[in-house]
Each structure stands twice: as structure tokens, then as C-alpha cells.
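Before any comments, here is the structure.
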Amino acid sequence: DCFAAIKSYYGQMARLTVTDACLDRIEEVFAAEELADTGKKAPVPVSDAAGIDEIEYDNVGFAYTEKEVLSNVSFKIRKGEMTALVGPSGGGKSTIASLLARFWDVKTGKILVRGEDIRDISLGSLMDQISMVFQRVYLFQDTVYNNIAIGRPEATREEVEEAAKKARCYDFIMQLPNGFDTVIGEGGASLSGGEQQMLAVGRALMSRPKLIMMDEPSLGLAPI
């Protein structure tokens, strides 16, 4: 009996090792310093922003600890434009998008949304303007409909279907066994990578953002 208990414990060592590493990571996240949210302003309404660039990066610089990633990056995006940032892996494309969402703050320079420094805008107001589609998409073990509608739960079925059409995923959804009511595997396991991405775009559109960011091998910043 004693040997059986020891053998059972030994069989759990791999799981315990993984659990220990996960707990260390959780403690690291909780110990991280929160980003200062001292902004009091709201973004300038689109109706009042005639002639103002939707987004402007003004001599932006950023570094992870001591490693400089961006230096003197400047560009402008007007309302209604689609801008693609193309470059090699590790070139800073995802970092540029992350800075706009204030996952980190710039080290030098500034980022403006309709003429306002994003550090002067409250984080809640800023994030109301933005939807992001990451390279790694997570879908819930639920219906296709609910995975899209989670972006705005009060939306009508017609609005969900319209978002799917705009995201170019309506046709493949209708080919699924139960259409929008098809239950997909956790993490989107029953769908291809491209299908997962299209559903994520539909979800992003549901929140009616002013700006959609897509973090792909080539990243697009697309004001709408």
C-alpha cells in the first residue's frame, strides 16, 4: 500500500511542476506595477474632429528594460484609412499597436488620438474606442453566435449576422452543421486558424469601435 501511494505521487510530479510554474507566473502578474490611469479627458468626438488626424505617432521611442525596440517612429493615420505595418518578425509591429492601447507607455515622444495625447485620456474612454484581434485567438466552447455576440450581448441576431458578413465569415458559418447555432470546440479547436480569425474580427466589429487593430504576421491599424 505504501509503495502504491509513492508510485501515485511520483506519477503526479510532472503536473505539480507545471502547477508550481503557473503559480509563480500568477504571483509575478499580481506583483506587476499598475499603469498610471491619471487621464481625465475623453477622446474628441468624431463629429468635432474634422481635419484632425485620427492617430498620430510623434517621434515615439520605446524599450523593454534596456533593449530599445522603437526609436523616433512617426506617422499619421486619417479617419477611414487602413494602414498596414509590414516588416520582419521582431521588428516592432505588435509593440506599435500595444502602445496605442496603452499596454505600455511610450518612453519618448507621444501618441495622439484626434489630437489628444492618449496619456491624458482615461483608460476606459480610450479602450471604448479600440477593438483588437490578436494573433492567438481564443474562442469559447459555445455556439458561433455567442462567440460573436460576446462583443455586444444586447445585439440583435440581424446585427450579429451583419457583423459576420462584414468579417467575411458568414458563408462558412452557414456551411456548418447548425449554422450560427453550431457549437465549436474550446479554443476554436474545430475550426481552421483562418476561420477563427474571421470570427474574432466579427466579434471585434460587434463592439462598434472607432479603431480596429489586427495583430497578424503583418499588422494593420484600421480606423473605421
Rounded to the nearest 0.05, what FRET efficiency do D58 and S8 give with R0 = 41 Å and r taken as the Cβ-Cβ distance? Could you check?
0.10
Longest exposed-site-free window of the chain, the sites being GluC sites (Glu not before Pro) in a DSSP loop that have at most 15 other C-beta atoms within 10 Å
82-153
SASA check, M174, accessible area w/ 1.4 Å probe, all protein chains in place, rounded to nearest 10 Å², comes out at 100 Å²
For the chain, built as a Gaussian network whose Cα springs stay under 10 Å, the top-fluctuating residue of A21, A164, A32:
A21
Along the Cα→Cβ direction, 7 angstrom out, place labels at F140 and Q175. What is the inter-label distance in nm?
2.7 nm
Measuring from label point to label point, each 7 Å out along Cα→Cβ, what is the K41 to E66 span in nm?
3.6 nm
A correct Karplus calculation of ³J(HN,Hα) over the stretch 99-107, with 6.51 cos²θ - 1.76 cosθ + 1.60, θ = phi - 60°, whole Hz and x for Gly and Pro, returns 5, 5, 7, 6, 5, 9, 9, 4, 8
Could you provide, to the nearest whole Å², the per residue accessible area of the stretch 149-214 with probe 1.4 Å?
51 Å²
For the chain, what is the relative contact order in percent, using Cα pairs closer than 8 Å and at least 6 residues apart in sequence?
24 percent
Can you tell me which of S98, S47, S89 moves the most in a GNM of the chain? Springs connect C-alpha atoms under 10 Å apart.
S47
Trypsin sites (Lys or Arg not before Pro) within the stretch 1-69, DSSP loop, no more than 16 other Cβ atoms inside 10 Å
K40
Heavy atoms of D142: accessible area, 1.4 Å probe, square angstrom to 10:
60 Å²
Roughly speaking, what is the stretch gain from C22 to M82, that is 0.36 nm per residue apart minus the C-alpha to C-alpha distance, in nm to one decimal?
17.7 nm
Accessible-area order for T182, T65, T19, largest to smallest, probe 1.4 angstrom, reads T65, T19, T182
Taking 0.36 nm per intervening residue step and subtracting the Cα-Cα distance, what contour gain separates S74 from R157 on full extension?
25.7 nm
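The values are calculated or read from the model by the stated rules, or taken from the named source; none is laboratory data. Every value quoted in this text rests on a predicted model; they were computed, and no experiment measured them. All Cβ positions, glycine included, derive from the backbone under ideal geometry; neighbour counts span all protein chains shown. Surface areas here come from the heavy atoms of the whole protein model, side chains and all, with no ligands, DNA or RNA. Shrake-Rupley method; radii C 1.70, N 1.55, O 1.52, S 1.80 Å.
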